[in-house]
Amino acid sequence: MTKLDLAIRGGTVVTASDTFRADVGVRDGRIVAVAAEIEGATREIDASGLLVLPGGIDSHVHIAQPSGPDVVMADDFASATAAAAAGGNTCIMPFALQQRGTSLRRCVEDYVRQAEGECHIDVSIHLIISDPTPEVLGQELPALLKAGYTSFKVFMTYDDLVLNDRQLLEVFEVARRERALVMVHAEGYDAIKYMTDRLERAGQTSPFFHATSRPELVEREAAHRAISHAELIDVPIMIVHVSGREAMEQIRWAQRRGLKVYAETCPQYLTLTADDLQGLNMEGAKYVCSPPPRDAASQAAIWEGLQQGVFQTFSSDHCPFRYESSEGKLTPKARTSFRWVPNGIPGIETRLPILFSEGVSAGRISLNRFVELTSTNHAKMYGLYPRKGSIGVGFDADITLWDPHRRETIRQENLHHGSDYTPWEGFEVTGWPVMTIARGEIVARDGMIVGNKGAGRILERDISAYA
Ligand code: DUC
Ligand code: ZN
Ligand code: ZN
């Protein structure tokens, strides 16, 4: 046997089910030993006092995605994967977005080309379907699903993306036949349009009214409609970025009836509220995302859902724009109405510390549940398990060393993303990633990127364990 490439010694290994003291041995980018004591290695890392976690997997991020005329996302693949790695992640899943009137296959090819050679950590790509033509549903989508793009997102709102009920049903039918996992953005298009028009007529156009224009019931209605359509077709769905009790109760109701309805939530729904959109001048635009953050009662509801298992995954929904930019939050039209403020906030680097601190350090969830919500279930949900998502022999050596006691204050100046702000400026956390190792190589150490652009691969995925 050749010598190990890497030994990580003396740490506490945490998986979704167990917590134990062990050394971890790595060869050729894979974990080959997890034992009380392992042989010597070319490179040794002392992890005493640290947690040895499976690297974070963020299955919902937006990178370099077309965002409408004159608006540009703040991250490319290089900056997003660097930021993700600094935040303790070893794999992320962005979306190749089909623009109406264009071929889905072509959009995917273009997107892959943008990613190639640029990534610090592994990337695997979901699809967004905005134009389900017979050609797309009959040929392109089935071919892409077979080629390892085994999940896609559909939208129930936004002018350029919304699918009507008939289209949703037709897309669900293809997902059932091909065993794809459908991610659903559940907010009702017509109700939002109606509310937006009404608010604008009343002169209520500041960023704060973004939240008023899409109240919880708009999300609840769409979640129920998506669930009903999924039941009709008998297909599993994942309802993403759930913001509060109302949509969550629809999901719980469906789960109790035995339907395969899964759910994701995000840091913004645990730590921000609609009041954050109140900022003077345009400051509130920094917090405009959809669904919007709600209130303290909604935050409590989301914690309940995390504790009780309603949610399977905790993602960032990283969707970065610059604030001080005419191509970002301050695009000229944004001053005329919240309708034009780009929707989305950056969060790829702060997801893990926020959940660890507010969840594990604050005693709301266990360490094992943290690992399940931030890594293991993402791998299972999206067809990367057992390649990724745990610490064990045969898994990729995607490992985050975590100091559970380290106290930090989140500051924009320390982050690596392309945005010029963080919604969590000044937020204090206990627990911090001190080293990120991707397929056996150190990518980030103490907030510094030490790996190489191009080391990350673009991964095909298997069929979801949940589909
Ligand atoms: N949906 C997302 O998933 N991300 C950002 C904006 C949106 O509407
Ligand atoms: Zn969405
Ligand atoms: Zn999103």
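Go over the candidates 149, 111 one by one and state the one that is within 26 Å of residue 85 (Cα to Cα), within 19 Å of the chain's Cα centre (by Cα) and part of a helix (DSSP H, G or I). Just a single option satisfies the conditions, and that option is 111.
Checking each residue in segment 269-311 for being surrounded by fewer than 18 Cβ atoms within 10 Å (Cβ to Cβ) and either at pLDDT below 95 or small (Gly, Ala, Ser) (or both) picks out 279, 280, 281, 296, 297, 300, 309.
Being in contact (Cβ under 8 Å) with a residue 12 or more places away in the chain and either within 16 Å of ligand 2 (Cβ to nearest atom) or on the phi > 0 side of the Ramachandran plot (or both): is that true of residue 97 here?
yes
Return yes when residue 426 is farther than 16 Å from residue 6 by Cα and touching a His at 6+ places or on another chain (Cβ under 6 Å) and no when it is not. Taking the combined requirement at face value, the residue does not satisfy it.
Applying the criterion of at least 3 residues that are surrounded by fewer than 22 Cβ atoms within 10 Å (Cβ to Cβ) to the strands (runs of 3 or more DSSP E) found wholly in segment 1-100 leaves 4-14, 19-27, 30-35, 41-46.
With respect to the conditions (1) out of contact with any Pro (no Cβ under 6 Å at 6 or more places or on another chain); (2) closer than 24 Å to residue 16 by Cα, residue 354 falls short on a single one, namely (1). So, residue 322, is that one assigned to a loop (DSSP other than H, G, I, E, B), closer than 26 Å to residue 91 by Cβ, away from ligand 3 (no atom under 13 Å from the Cβ) and touching a residue at least 60 places away in the same chain (Cβ under 8 Å) or not? Taking the combined requirement at face value, the residue satisfies it. Applying a threshold of 9 Å to beta carbon distances and a minimum spacing of six or more residues, or different chains, the list of pairs starting in segment 373-391 at a residue that is assigned to a helix (DSSP H, G or I) and at pLDDT 95 or above and ending at one that is acidic (Asp, Glu) and surrounded by fewer than 24 Cβ atoms within 10 Å (Cβ to Cβ) reads 381/264. Identify, by number, the condition in (1) more than 16 Å from ligand 1 (Cβ to nearest atom); (2) within 19 Å of the chain's Cα centre (by Cα) that residue 346 doesn't meet. Unmet condition: (1). Of the listed requirements (1) assigned to a helix (DSSP H, G or I); (2) in contact (Cβ under 8 Å) with a residue 40 or more places away in the chain; (3) of a type in the set (A, V, I, L, M, F, W, C), residue 254 misses just one: (2).
Within the group 118, 140, which residue is closer than 30 Å to residue 443 by Cα, surrounded by 17 or more Cβ atoms within 10 Å (Cβ to Cβ), in contact with a helix residue (DSSP H, G or I) (Cβ under 6 Å, 6 or more places away or on another chain) and among the charged types (D, E, K, R)? One residue alone meets the criteria, 118.
Within 16 Å of ligand 2 (Cβ to nearest atom) and polar (S, T, N, Q): is that true of residue 243 in this structure? Yes: the conditions hold for residue 243. What tally of residues in segment 327-353 results from selecting those that are in contact with a helix residue (DSSP H, G or I) (Cβ under 6 Å, 6 or more places away or on another chain), farther than 22 Å from residue 409 by Cα and either within 16 Å of ligand 3 (Cβ to nearest atom) or of a type in the set (Gly, Ala, Ser) (or both)? Qualifying residue count, segment 327-353: 3. Total residues in segment 297-319 satisfying the condition of being within 16 Å of ligand 2 (Cβ to nearest atom), part of a loop (DSSP other than H, G, I, E, B) and in contact with a strand residue (DSSP E or B) (Cβ under 6 Å, 6 or more places away or on another chain): the figure is 3.
Only one of the numbered conditions (1) within 30 Å of residue 18 (Cα to Cα); (2) surrounded by fewer than 24 Cβ atoms within 10 Å (Cβ to Cβ); (3) not aromatic (Phe, Trp, Tyr) is not met by residue 384, and that is (2). Each residue in segment 162-181 was checked for being buried (at least 20 other Cβ atoms within 10 Å of the Cβ) and assigned to a loop (DSSP other than H, G, I, E, B), and 2 of them qualify.
The values are calculated or read from the model by the stated rules, or taken from the named source; none is laboratory data. These numbers come from a predicted model, not from an experiment. Note: ideal-geometry Cβ built from the backbone for every residue, glycine included; neighbour counts use all protein chains shown.
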